[in-house]
Amino acid sequence: MDSRKMMLETSSGDRPATIEAPKKLAKNSYALVCSLLASMTSIVLGYDLAVMTGASMFIQDDLKISDTELEILAGIISFYSVIGSLAAGRTSDWLGRRYTMALAATIFFAGSILMGFATNYAFLMCGRFVAGIGVGYALMIAPVYTAEVAPASARGFLASFPEIFINIGVLFGFISNFVFAGLPEHISWRVMFLIGAVPPILIFAGVLILMPESPRWLVMQGRLDEPPPFSPRPPTPPKKRYSASKR
């Protein structure tokens, strides 16, 4: 007998039945790509944390700030990201997960531009505030979207990808420090921050071009007639085949 089949008896005990186990759903590559792309928004946090370690010495020499001011500048991003995370929940329920990711990329892009062109400490702190809000948005929305669109067979695996992309962002930040450290001090740290505006551009384009809206958010909005293109086909119920044998 096939391993996917088993014989059962009905409650009357006279009609043996064969029940086929439902087949496993095929992996949905499109949903996997969308989950990975959503997780990539976490790169911005890793990059910012790493690039600040290399840029800090150049910032201090160029802007003539104290050690205390430099420590505040480096650590304040964590406080600002909390504000962004708190605001992202309401925003994602209002705009949707997809557009919230695009908004997070836009905010971090603006923060990177402000930091790169900062002319004094106050200007740079404003850029850190904007970038921190973007980081908070990205950290909140990435795991939410991933959990809502990932196939059940790979949900646990894909939910860990935001953490992986944070570390990838850290790696990119250290590479940026190494590559641009040889530039003049008034240029090197600015270029390091401006390079951080490149990932948000790619993420923004990928979100709007490739990623559909979360199916859970569509259900929350009552838009049941708009199923996302990666919705898996529900499994067919097990077929029962009764024998014609009599007592």
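Derivation of every value follows stated rules applied to the coordinates shown; laboratory data play no part. Small disclaimer: the values here were computed from a predicted structure and weren't measured. Don't worry about glycine lacking a Cβ; one is built from the backbone with ideal geometry, like all the others, and counts go over all protein chains shown.
What the table below lists for this structure:
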| read-out | value |
| --- | --- |
| Built amide H within the under 5 Å cut-off of residue 65, gap 5+ | none |
| Dipole axis of the range 52-191 (+1 Lys, Arg; -1 Asp, Glu on Cβ), positive-most option in 151, 174, 186 | 151 |
| Order by protection proxy (mean Cβ within 10 Å, highest first), peptides 169-175, 110-116 | 110-116, 169-175 |
| Volume per residue that the Cα convex hull of the range 74-193 spans, once the total is divided by residue count, Å³ | 103 |
| Most to least packed among 139-147, 156-164 [average Cβ atoms within 10 Å] | 139-147, 156-164 |
